[in-house]
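Read the figures in this text as sums done on the coordinates, not as results from a lab. As the structure is a computational prediction, the values presented were derived from the model and not from experiment. Cβ placement follows ideal geometry from the backbone for every residue including glycine, while neighbour counts extend to all protein chains displayed.
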Amino acid sequence: MDIQTIKNRFGIIGNSDHLNFAIKVAMQVAPTDMTVLITGESGVGKESFSKIIHQLSARKHGQFIAVNCGAIPEGTIDSELFGHEKGSFTGAYDTRKGYFEVTDGGTIFLDEIGEMPLSTQSRLLRVLENGEYIRVGSSKVMKTDVRVVAATNVNLIQAVEKGKFREDLYYRLNTVPIFVPPLRDRGEDIELLFRKFTSDFAEKHHVNAIKLTADAKQALMAYRYPGNIRQLKNIAEQISLLEMEREVDKDILLKYLPQEGNMMPALYKSQDGTGGSKDNFSERDILYKILFDMRNDVEELKKLVHNVLKNENYGEEILKDNEDLFEVKQNEFKENAEGIRTPFLLDSRKEEDEDSEHFDLEDYQDAEHEIEEESLSLEKKEKEMIERALSKNQNKRKYAARDLGISERTLYRKIKQYDL
C-alpha cells in the first residue's frame, strides 16, 4: 500500500515532505507491536496516525480506544485505565473493567500522555514492561496484551528534567518516534486543506464553494496558524458562512485571520507615526516621565501616611481632607504599574519591601527633612513639565493632560497647586 492510498483511506490532505515522512514511518511500524510516541502541536492531527498504525497492524480486528489523559481527573484515571473492584472507593458500587482490559488484543491510544499523574505513570510502565496491572482495590495481578500508542504536544524531555514525567517511561514509550509537522511548515498544504474544508461546507449546505484570489492565497499561506488544522477549518467555515461573495480577496481574508498576540509591551506611537510625540519626545523621555510620575506619587503617599501617623486620632480628619487625593493617586499608581516593568522598579520594590519590615514612626520622623528637600526638587521638575505641556497645547488642559499621561482632574489640581 503506497502513501497516497493511505492518505485517501484516512482522509489526510497534503503533500509536504515532513507529512509524507511521518506517514511512511507509521506504515513501517504498524505491522510490529512496538510502542509509538507521536509528538506535535495541538491540532495537527496526531490521532489520525494512531488509527493508521492500528488499521495496518495485525490487531486491526481488535478494539481501538482513544483516551485523553488530560481530560480525566487525577483521582479517577487509575480506575479508568485499569478498572476497580466493588467497594474500593466511594461510588464504586460495582466491579468495573478498565481500558487495558477492554482493549486486550487491540490498541489503546493515550493522548496528552504528558498530563498523566506520576502515580499512574508507574502503573503504565509496568504494563509496558510485562503486560501486568492490578485493579484499584484489588491485589490480584492481571495480564493484558495491548499495544500502546501515545501522543503529546509538550516537550517530554523538559518534563523529565522538571520531575513531571518519569525518565524510564519516556524511553519506554519513545521506541519509535513520529513527529507530525505544524501546519505553518507544510507550505501549499494550507491551500489544499482550505479548499477541502470549503468544499465540504458547500456540499453540506448546498452553496457554492469559496474561491480565493492570488493575493488572498499568499496571505493564507503566510499566516502561522497557532491552532493548526483546527484553526484553519474554523476560518474556512466562517468565511463560507458569512461572506455573500464567493470570491474572497486578501482584504476580506485578513478580517478572519486573528492578530497573533504579542506579550511584549508596545512602544508609544504618535499620530505622525514616529516613536515620540509631536514635540519630539523620545522613547527615553517618555520612560523617564513615567518613572518620575511614579516616584513623585510615592513621595506624596509617604507624606500622607506620615501625617496620618502623626495625628493623635490616627488621621481621621486628615484622611477625610485627602480622600480625593488618595483615590486619584491609587488609580494612577495602578495604571503606571501595569504600563511598565523595569529592573529599576523591581529593585526599588524589593528595597521598599525590605525597609517595610523595620517600619516605625521614628523612622518617618527622622526622614521627614530629607523627604521635604527631595520633594522640592521633584516639584520643580514637575512644574516645568506641566508648563511645557500647556505651552505646547495652547493651554488646552485636556490635551496637555493626555501628553503628560495623567487625568484632567489631576492636572487641574496641579495647576492650582503651582499657581499656573
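Compared with the alpha-carbon gap, the fully stretched path from Y256 to I65 is longer by 65.2 nm at 0.36 nm per residue.
How high is the FRET efficiency from K381 to N234, r the C-beta distance, R0 41 Å, rounded to 0.05? Step by step, r from the Cβ atoms, then E = 0.15. Note on the stretch 56-117 and the stretch 17-31: Cα centroid distance 27 Å, given to the nearest whole angstrom. In this simple spin-label model, placing a label point 7 Å from the Cα along the Cα-to-Cβ direction at both V102 and V141 gives a separation of 2.6 nm. Our coupling estimate for the stretch 68-85, obtained by passing each phi through the Karplus curve with A = 6.51, B = -1.76, C = 1.60 and θ = phi - 60°, is 8, 5, x, 9, 9, x, 4, x, 10, 5, 4, 5, 5, 7, 10, x, 8, 8 Hz, Gly and Pro reported as x.
Our coupling estimate for the stretch 390-405, obtained by passing each phi through the Karplus curve with A = 6.51, B = -1.76, C = 1.60 and θ = phi - 60°, is 5, 5, 4, 9, 6, 6, 8, 5, 4, 6, 5, 4, 5, 5, 6, x Hz, Gly and Pro reported as x.
Roughly how big is the stretch 2-76's charge dipole about its Cα centre, with Cβ charges of +1 (Lys, Arg) and -1 (Asp, Glu), in debye to the nearest 20? All intermediate terms of the calculation are to be shown ahead of the outcome.
Working: 7 positive and 6 negative charges, 59 e Å.
Computed about the Cα centre, the dipole is about 280 debye.
Here the extension length gained between S119 and T76 equals 14.3 nm, from 0.36 nm per residue of separation less the Cα-Cα distance.
Applying the criteria of a DSSP loop state and at most 15 other Cβ atoms within 10 Å to the GluC sites (Glu not before Pro) of the stretch 71-123 yields E74. Under the simplified labelling scheme, the K24-N395 pair shows an inter-label distance of 8.0 nm, with each label point 7 Å from Cα along Cα→Cβ.
Across the stretch 19-43, the residues whose backbone nitrogen lies under 16 Å from the label position 7 Å along the beta-carbon direction of R184 are 40-43. Averaging Cα coordinates gives a centre for the stretch 127-152 and one for the stretch 180-212; these two points are 41 Å apart.
Under 5 Å from the amide H of I38 lie the amide H atoms of A150, A151, T152, I178, each residue being 5 or more positions distant or on a separate chain, with H modelled from the backbone and absent for Pro and chain starts. Let's test the formula: R0 of 60 Å, r as the Cβ-Cβ distance of K86 and N15. What FRET efficiency results, to the nearest 0.05? Efficiency, from the Cβ-Cβ distance: 0.65. For the stretch 167-178, 3J(HN,Hα) computed residue by residue from phi via the Karplus equation (6.51, -1.76, 1.60; θ = phi - 60°) reads 5, 5, 5, 4, 6, 6, 6, 7, 4, 10, x, 10 Hz, glycine and proline entered as x.
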